[in-house]
1. If I filter region 204-262 down to residues being of a type in the set (S, T, N, Q) and not in a helix (DSSP H, G or I), which single residue comes out as nearest to Gln282 (Cα to Cα)?
2. Take the conditions surrounded by 18 or more Cβ atoms within 10 Å (Cβ to Cβ), among the aromatic types (Phe, Trp, Tyr) and at pLDDT below 95 and apply them to Tyr207. Does it pass?
3. Taking Glu29, is it among the acidic types (Asp, Glu), in contact with a strand residue (DSSP E or B) (Cβ under 9 Å, 6 or more places away or on another chain) and at pLDDT 55 or above?
4. From Glu218, Glu259, grab the single residue that is more than 18 Å from the chain's Cα centre (by Cα), of a type in the set (D, E, K, R) and at pLDDT 95 or above.
5. Does Thr163 satisfy being closer than 24 Å to Thr138 by Cα, crowded, with 19+ Cβ neighbours inside 10 Å and β-branched (Val, Ile, Thr)?
6. Could you tell me which of the residues Lys213, Lys235 is without any contact (Cβ under 8 Å) to a residue 60 or more places away in the chain and under 26 Å from Met39 (Cβ atoms)?
7. Just give me the residues in region 180-204 being at pLDDT 95 or above and surrounded by 17 or more Cβ atoms within 10 Å (Cβ to Cβ), in sequence order.
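The values are calculated or read from the model by the stated rules, or taken from the named source; none is laboratory data. The structure presented is a predicted model; accordingly, all values stated were derived computationally and were not measured. A quick note on method: Cβ atoms are made from the backbone with ideal geometry, for glycine too, and the neighbour counts reach across all protein chains shown.
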Amino acid sequence: MDNKQKNHNDTLLMALKVVNFISGSSLEEADLKHHRKVMERAGKLAAPKNDIEVKPFSVGSLKCEEISPEFAHNPNFAVLYAHGGGYVTGKLDYARNLAAKIALATGFTTISFKYRLAPEHPYPAAFDDAVTIWDYLTSGKFPPENIFIAGDSAGGNLALCLTQKLLADKKPLPRGLLLFSPWTDMTGTASSYEIYKDKDPILTREYVLGAAKAYMGENFAPKDPLFSPLFGELKGLPPVYIMAGRNEILLDDSLRLKEKITAEGGRAVLDIEEGGWHVYQQMPLPIATQAMKRLAAYVASEITEINQNM
């Protein structure tokens, strides 16, 4: 990165930090209500609107969306996408931004779901909702091996926890995991919290730990793999593609996940964007566009492998 690019990136990070501060960073009722509204509005405005088809549907009381690309659509594969937001924010309007980008990048049908949020609905509400949509999709809709599970931030946590549950129950696994800045460790003890605290434009340690407490509720046990999948079973996972930004306090959550999966003999690819931040793929910027192209190339290579093994 040359000096001109570095200066532009630093300016952008500072601007994002200011905007995020204005939107609220505490979990007080009024701030959380405001933050939820801002996130929904931002997600709705930023989501791609062309070349996609959006179909709402429900599984019982669980509201969901199916997003399909209008061109180059491969209906045989699907991506189950869990949105981020610290388990305390995010609905379908917010989820549609990255869900639509994933659909356009992969050519697959992408399904998002409105899981219940903490603190009103602490664990296991969101996890149970993830199990519900997984069971629905794999009950005649798609074979498990034709589904990728994706998630950003807390959604990455949920994607990992769901897959670890399937692994523990000896049930068929998804074809792979696509994780964007996954939150894998709720203890908040990683060194990246300190190293990148002045650069991260999205998160603060206080907010992350507050969200963790809200999600765990009375079950508060940050080291429990139910909440911190980094400490759970990683042997036997399907291939994992991890994207992270260099300038985020959760960077170690991605670094250590990749290291542990590799140590267990698994397959994990870690893609770090040097000029990026927490889930930078959501922004309408060139680095986000390039990231989705890399995601598309990775998924295409995985599908090619499937076809070669058939």
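1. Checking each candidate, the answer is Asn247.
2. Considered against the rule, which asks whether it is surrounded by 18 or more Cβ atoms within 10 Å (Cβ to Cβ), among the aromatic types (Phe, Trp, Tyr) and at pLDDT below 95, Tyr207 comes out as yes.
3. no
4. Glu259
5. yes
6. Matching residue, one of Lys213, Lys235: Lys213.
7. Within region 180-204, Phe180, Ser181, Pro182, Trp183, Thr184, Asp185, Met186, Ala190, Ser192, Tyr193, Tyr196 qualify.
Here's the yes/no breakdown for (1) in a loop (DSSP other than H, G, I, E, B); (2) at pLDDT below 95; (3) within 30 Å of Ala42 (Cα to Cα):
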residue	(1), (2), (3)
Trp277	yes, no, yes
Pro284	yes, yes, yes
Leu295	no, no, yes
Asn307	no, yes, no
